[in-house]
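Undergrad: Attaching a single structure in structure tokens format; questions to follow.
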Amino acid sequence: MLDEFWKAIGGKLADRWAALAAPALIFWLAGLAAWTHHNGGLHTLTSHTAWLDRQTPTVQILTITTCLLTIAASAVIVNQAATPALRLLEGYWPPFADPLRHRLAARAARRAADDQTAWQAAYAAVRPPAVPTSRQLAAYTRLEQRLRRRPTPGAPAYYLPTPIGNILRAAERRPADKYGLDTIICWPRLWPALPDTLRADLLAARATLDTATTTALWGLLFCAFTPLTWLAIPLGLAVTTLTVTTVIPARAHTFGDLIETAYDTHRTALYSQLRWPLPATPADEKAAGQALTAYLLRGSDRPTPTFTPPP
């Protein structure tokens with residue numbers, strides 16, 4: 001039994017180490033390839049492998065362990081940098097960058113307002129009883145997708161200077177726009193009430209978003225091998241650019257959709273757990289959500305509303 005237990009633990013640790021260190025291993029292997037290219041080719045490794053073969057088993061184990069620890073340590077450091085790096089990609093920049101941040105955010109808000117005007121015309125062309133053409137449907141779909149990746153066009157104060165930031169900000173704002181529930185205040189209270197499957201999906205989506213961010217970081221770090229080969233700069237920047245412009249926005253959109261789904265399907269659990277009366281109609285829901293948000297933020301000594309019985 002104990003042997004099977006330790007085998008299981010060892011397998012899980014190996015899986016976790018592989019998931020954590022795989023990008024770092026690829027990075028260091030690419031660095032090794034750059035080094036061998038700089039020194040004349042793969043045959044330059046022969047002297048090093050021959051030296052290792054001549055050493056005692058203890059020295060060999062220590063050498064291999066040192067290499068593995070270096071890979072693991074670099075993986076941990078870069079993974080710890082994922083959250084602050086994502087914040088920078090969202091547009092949460094230091095105060096000295098405020099002029100640029102405000103300028104880019106204002107431009108994004110203007111573009112969203114223009115898209116909103118175009119969307120209204122496109123919607124008029126596709127809504128029943130109109131019979132839209134394929135071109136009209138394609139134009140409407142493009143505008144709908146662009147608007148979903150941005151906060152409400154009528155609220156320019158919520159805009160951030162980057163597409164990634166606006167995708168995540170739009171996801172944060174949609175529960176407030178639809179249900180009056182502020183995401184920042186309500187999310188920590190809603191999270192424990194979510195079913196395990198949805199929480200697992202949210203954690204997996206966030207993990208893929210963080211992985212994409214670390215991939216962009218590894219691409220930038222690969223440029224440090226430029227003294228070994230000039231290809232390090234174009235390759236590193238290509239990986240970073242592709243990840244930042246394509247992969248991270250797509251994964252941020254998926255993560256944001258899951259957050260919205262959590263509110264769409266389980267917001268009543270928040271009311272129930274807090275013994276707050278449910279809104280009776282869709283017209284009442286936004287005001288009820290705003291009142292619940294204010295209650296969670298500051299409390300209340302008002303005699304209304306009356307709490308419902310415990311679930």
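Undergrad: Any residue in the stretch 121-140 that is closer than 30 Å to Arg298 by Cβ and buried (at least 18 other Cβ atoms within 10 Å of the Cβ)?
TA: no
Undergrad: So, one more: Considering the stretch 36-62 alone, what residues qualify as being surrounded by 10 or more Cβ atoms within 10 Å (Cβ to Cβ) and either at pLDDT 75 or above or under 22 Å from Trp218 (Cα atoms) (or both)?
TA: Residues satisfying the conditions are Thr36, His37, His38, Ile61, Leu62.
Undergrad: On the basis of being modelled with pLDDT of 95 or more and either part of a helix (DSSP H, G or I) or over 23 Å from Ala81 (Cβ atoms) (or both), does Thr229 make the cut?
TA: Here the answer is no, as Thr229 does not meet what is asked.
Undergrad: State which residue is farthest from the chain's Cα centre (by Cα) when the search covers only the stretch 141-174 and only residues that are among the small types (Gly, Ala, Ser) and surrounded by fewer than 17 Cβ atoms within 10 Å (Cβ to Cβ).
TA: Of everything passing the filter in the stretch 141-174, Gly154 is farthest from the chain's Cα centre (by Cα).
Undergrad: Shifting gears a bit: Checking the conditions here, which among Ala125, Ala106 is modelled with pLDDT of 90 or more, outside the structural domain of Ile259 (by TED's automatic domain parsing) and of a type in the set (A, V, I, L, M)?
TA: Only one candidate qualifies: Ala106.
Undergrad: Quick one: how many residues across the stretch 81-123 are aromatic (Phe, Trp, Tyr) and in a helix (DSSP H, G or I)?
TA: Residues that pass the stated criteria total 3.
Undergrad: Regarding Arg251, is this residue charged (D, E, K, R), out of contact with any Asp or Glu (no Cβ under 6 Å at 6 or more places or on another chain) and not in a helix (DSSP H, G or I)?
TA: The answer is no for Arg251.
Undergrad: If I filter the stretch 273-304 down to residues being assigned to a helix (DSSP H, G or I) and without any contact (Cβ under 8 Å) to a residue 40 or more places away in the chain, which single residue comes out as farthest from Arg148 (Cα to Cα)?
TA: Among residues in the stretch 273-304 that are assigned to a helix (DSSP H, G or I) and without any contact (Cβ under 8 Å) to a residue 40 or more places away in the chain, the one farthest from Arg148 (Cα to Cα) is Arg298.
Undergrad: Tell me which of these Gly299 doesn't satisfy, since it passes every other one: (1) modelled with pLDDT of 95 or more; (2) loosely packed, with under 13 Cβ neighbours inside 10 Å.
TA: Result: Gly299 passes all but (1).
Undergrad: Tell me, yes or no, whether the stretch 158-167 has at least one residue that is more than 20 Å from Thr83 (Cβ to Cβ) and either of a type in the set (D, E, K, R) or assigned to a helix (DSSP H, G or I) (or both).
TA: yes
Undergrad: Across the stretch 63-72, what is the number of residues that are surrounded by 12 or more Cβ atoms within 10 Å (Cβ to Cβ) and farther than 17 Å from Phe27 by Cβ?
TA: Matching residues across the stretch 63-72 total 1.
The values are calculated or read from the model by the stated rules, or taken from the named source; none is laboratory data. Because the structure is a prediction, the values reported are computed rather than measured. FYI the Cβ positions are ideal-geometry reconstructions off the backbone, even for glycines, and counts take in every protein chain you see.
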